[in-house]
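Q: One structure, pasted below without further comment.
The values are calculated or read from the model by the stated rules, or taken from the named source; none is laboratory data. Here the structure is a predicted model, which means the values were calculated and not measured. A quick note on method: Cβ atoms are made from the backbone with ideal geometry, for glycine too, and the neighbour counts reach across all protein chains shown.
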Amino acid sequence: MRKQVRYTLVMGDEERTTGSLLPEDAFETGAPEGTLGAEEELWLADPETLRLAGGAQKILAAEPAEHFSGELIDCEIEANTGVHREAAEVVRDLISRRRKLLEHAERLDRVLGTSGTHPLGDWREQEIIDKPHYQRLKRKLGWLIRRNNTFSLHVHYAVRGKEKVIYLFDRIREYVPHFLAVSANSPFWQGEFTDTRSARALIFSRSLPHAGMPEPFGSWDAYKDYLDFIVRPGIIQRLGEIWWDIRPHPQLSTLEIRAFDAQTDPARSEALISLAAATCDMLCAEYESGQRRPVRPVREIEDNKWNAQRHGLDGFFVDHDTHEPVPARRAMERLVELAAEVSRRDLSGVERLLEEPTESERQLLVWRETGSVREVVRDIVRRTRAATT
């Protein structure tokens, strides 16, 4: 069992955390490097209105804690996989969790779906789940946390070595725009077309503290110092209150990639998990070889992330070295080429994604054909079930 040093002081109805939240053996557990896991956030809706509807707490009460977890609101549930070597194995876990959720949804008179946002979802109608952590966040962040009705796919990549995980963290930030562009699946927010391909990135990254694109650290000591800066005064009480697009996960000894919109089609999730893993393989090879690459500043990455959020794969990125515009699809192809040079992962699924529209474009196609956001939701529900059963 890992030792974790943590002391708390009571401040009114809040706890103030002092000391460290870092396990002493973080990134030194001997776990096999490159093993994978994932978390998928899904939503429940009313079968008649197709609006978001509660039920997650009832499902959580009936299922093993290691398979599912609550995510702020009662219409949202997170499926958690075991640890696997390959992306295909991770997705088999996700599909098995979806099947169980479909059973529960039917019993509760709900339908199940997943996408970066629920196209019709109204945050004002949602109930914060009855867990101390989320009730505390509700008191702390108020309106900001209540309006966060967003859904994503998180990928975990096991890393051995504290300095190594910081190098991967610093470097992989450059590819957050790539991950967002290819996974964009949230053009709608509160029933309205947002003129973006990922409203999730806008709502989540721009609303909450410790979210979005992080600064690089350069060393494990710098990371520890920053944690002390926000933990000692009680700004955060858990590492899970850091919601960056990429974050070290010391409790699991993984690098967690959080930049992807949730995918309706699990085959797409498998391709994205392979992409994340292959990119990490590439960066591990850089680190081990000593041929370190430049770490990009936030201001440059943010420009590319904006283009990914706004246009998905149909936009362009700025090349960090030449400052020339590069079509987003070509930038993605280049990342796949670079990763394939050192990684043994199967990237054929990613290549297929680059030949077809994103799921955001699929939502917009249904909307333009039917003139109805409700029909967009119905299509997501239908495809979520069809891809699972």
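Q: Hey, could you check the stretch 187-202 for residues that are over 14 Å from residue 149 (Cα atoms) and among the charged types (D, E, K, R) and say which is surrounded by the fewest Cβ atoms within 10 Å (Cβ to Cβ)?
A: 195
Q: Within the stretch 297-310, does at least one residue satisfy the condition of being assigned to a loop (DSSP other than H, G, I, E, B), in contact with a Ser or Thr (Cβ under 6 Å, 6 or more places away or on another chain) and within 29 Å of residue 188 (Cβ to Cβ)? Spell out how you get there, then give the answer.
A: Within the stretch 297-310, the subset assigned to a loop (DSSP other than H, G, I, E, B) is 297.
The next check asks that each one be in contact with a Ser or Thr (Cβ under 6 Å, 6 or more places away or on another chain); those that pass are none.
Among the residues of the stretch 297-310, not one is assigned to a loop (DSSP other than H, G, I, E, B), in contact with a Ser or Thr (Cβ under 6 Å, 6 or more places away or on another chain) and within 29 Å of residue 188 (Cβ to Cβ), which makes the answer no.
Q: When the residues of the stretch 239-256 are filtered to those that are surrounded by 15 or more Cβ atoms within 10 Å (Cβ to Cβ) and part of a helix (DSSP H, G or I), which remaining residue is modelled with the highest pLDDT?
A: My answer is 239.
Q: Check residue 95 against each of (1) outside any helix (DSSP H, G or I); (2) modelled with pLDDT of 95 or more; (3) in contact with a helix residue (DSSP H, G or I) (Cβ under 6 Å, 6 or more places away or on another chain) and name the one condition it does not meet.
A: The single condition residue 95 does not satisfy is (1).
Q: Can you tell me which residue in the stretch 262-296 is nearest to residue 169 (Cα to Cα), limited to those that are free of Cβ contacts under 8 Å to residues at least 24 places away in the same chain and part of a helix (DSSP H, G or I)?
A: 288
Q: Same structure, new question: Take the residues in the stretch 356-389 that are in contact with a helix residue (DSSP H, G or I) (Cβ under 8 Å, 6 or more places away or on another chain) and outside any helix (DSSP H, G or I); name whichever of them is surrounded by the most Cβ atoms within 10 Å (Cβ to Cβ).
A: Filtering first and then ranking leaves 358.
Q: Filter the stretch 144-173 down to residues that are out of contact with any Phe, Trp or Tyr (no Cβ under 9 Å at 6 or more places or on another chain) and over 20 Å from residue 282 (Cβ atoms), then give me how many there are.
A: 1
Q: Could I ask something else about it? When you go through (1) within 21 Å of residue 94 (Cβ to Cβ); (2) in contact with a Ser or Thr (Cβ under 9 Å, 6 or more places away or on another chain); (3) of a type outside the set (Ser, Thr, Tyr) one by one for residue 255, which number turns out not to apply?
A: (2)
Q: Follow-up question, since we're still on this one. Quick one: is residue 275 at pLDDT below 95 and either within 21 Å of residue 358 (Cβ to Cβ) or among the aromatic types (Phe, Trp, Tyr) (or both)? Don't jump to the end; show me each part of the working.
A: Working: at pLDDT below 95: no; either within 21 Å of residue 358 (Cβ to Cβ) or among the aromatic types (Phe, Trp, Tyr) (or both): yes.
Taking the combined requirement at face value, the residue does not satisfy it.
Q: Further, regarding this structure: Out of the residues in the stretch 304-355 meeting the condition of being in contact with a strand residue (DSSP E or B) (Cβ under 7 Å, 6 or more places away or on another chain) and of a type in the set (S, T, N, Q), tell me which one is surrounded by the most Cβ atoms within 10 Å (Cβ to Cβ).
A: Step by step, filter the stretch 304-355, then rank; the result is 304.
Q: Now, a different point. So for the stretch 109-120 (the condition being of a type in the set (Ser, Thr, Tyr) and free of Cβ contacts under 8 Å to residues at least 24 places away in the same chain), does at least one residue qualify? Break it down into steps so the answer makes sense when it comes.
A: In the first step, residues of the stretch 109-120 are kept if they are of a type in the set (Ser, Thr, Tyr); the result is 114-115, 117.
Cutting the leftovers down to free of Cβ contacts under 8 Å to residues at least 24 places away in the same chain gives us none.
Taking every residue of the stretch 109-120 in turn, none turns out to be of a type in the set (Ser, Thr, Tyr) and free of Cβ contacts under 8 Å to residues at least 24 places away in the same chain.
Q: What helices (runs of 4 or more DSSP H) lie completely within the stretch 124-238 and have 3 or more residues being under 24 Å from residue 27 (Cβ atoms), over 21 Å from the mean Cα position of the chain (by Cα) and at pLDDT 95 or above?
A: Ranges flagged: 162-172, 220-231.
Q: Separate question: Determine if the stretch 79-90 includes at least one residue that is closer than 19 Å to residue 129 by Cβ, touching a residue at least 40 places away in the same chain (Cβ under 8 Å) and touching an Asp or Glu at 6+ places or on another chain (Cβ under 8 Å).
A: For the stretch 79-90, residues closer than 19 Å to residue 129 by Cβ, touching a residue at least 40 places away in the same chain (Cβ under 8 Å) and touching an Asp or Glu at 6+ places or on another chain (Cβ under 8 Å): present.
Q: Same structure, new question: Taking the stretch 193-227 as the search range and keeping residues that are among the acidic types (Asp, Glu) and in contact (Cβ under 8 Å) with a residue 12 or more places away in the chain, which one is farthest from residue 176 (Cα to Cα)?
A: By that ranking, first place goes to 195.
Q: Please verify whether residue 348 is without any contact (Cβ under 8 Å) to a residue 12 or more places away in the chain, of a type in the set (Ser, Thr, Tyr) and more than 25 Å from residue 273 (Cα to Cα), treating the condition exactly as stated.
A: So residue 348 fails the test.
Q: For residue 109, work out the one condition from (1) surrounded by fewer than 17 Cβ atoms within 10 Å (Cβ to Cβ); (2) within 16 Å of the chain's Cα centre (by Cα) it doesn't fulfil.
A: Of the numbered conditions (1) surrounded by fewer than 17 Cβ atoms within 10 Å (Cβ to Cβ); (2) within 16 Å of the chain's Cα centre (by Cα), the odd one out for residue 109 is (2).
Q: Could you list, in sequence order, the residues of the stretch 39-83 that are more than 17 Å from the chain's Cα centre (by Cα), assigned to a loop (DSSP other than H, G, I, E, B) and of a type in the set (D, E, K, R)?
A: If the condition is that a residue be more than 17 Å from the chain's Cα centre (by Cα), assigned to a loop (DSSP other than H, G, I, E, B) and of a type in the set (D, E, K, R), then 46, 48, 51, 63, 66, 74 are the ones that fit.
Q: So, in the stretch 215-234, exactly how many residues are within 25 Å of residue 70 (Cα to Cα) and either of a type in the set (D, E, K, R) or touching a strand residue (DSSP E or B) at 6+ places or on another chain (Cβ under 9 Å) (or both)?
A: 2
Table: residues versus (1) in contact with a Lys or Arg (Cβ under 8 Å, 6 or more places away or on another chain); (2) under 21 Å from residue 115 (Cα atoms).
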| residue | (1), (2) |
| --- | --- |
| 27 | yes, no |
| 30 | yes, no |
| 34 | yes, no |
| 43 | no, yes |
| 46 | yes, yes |
| 54 | no, yes |
| 68 | yes, yes |
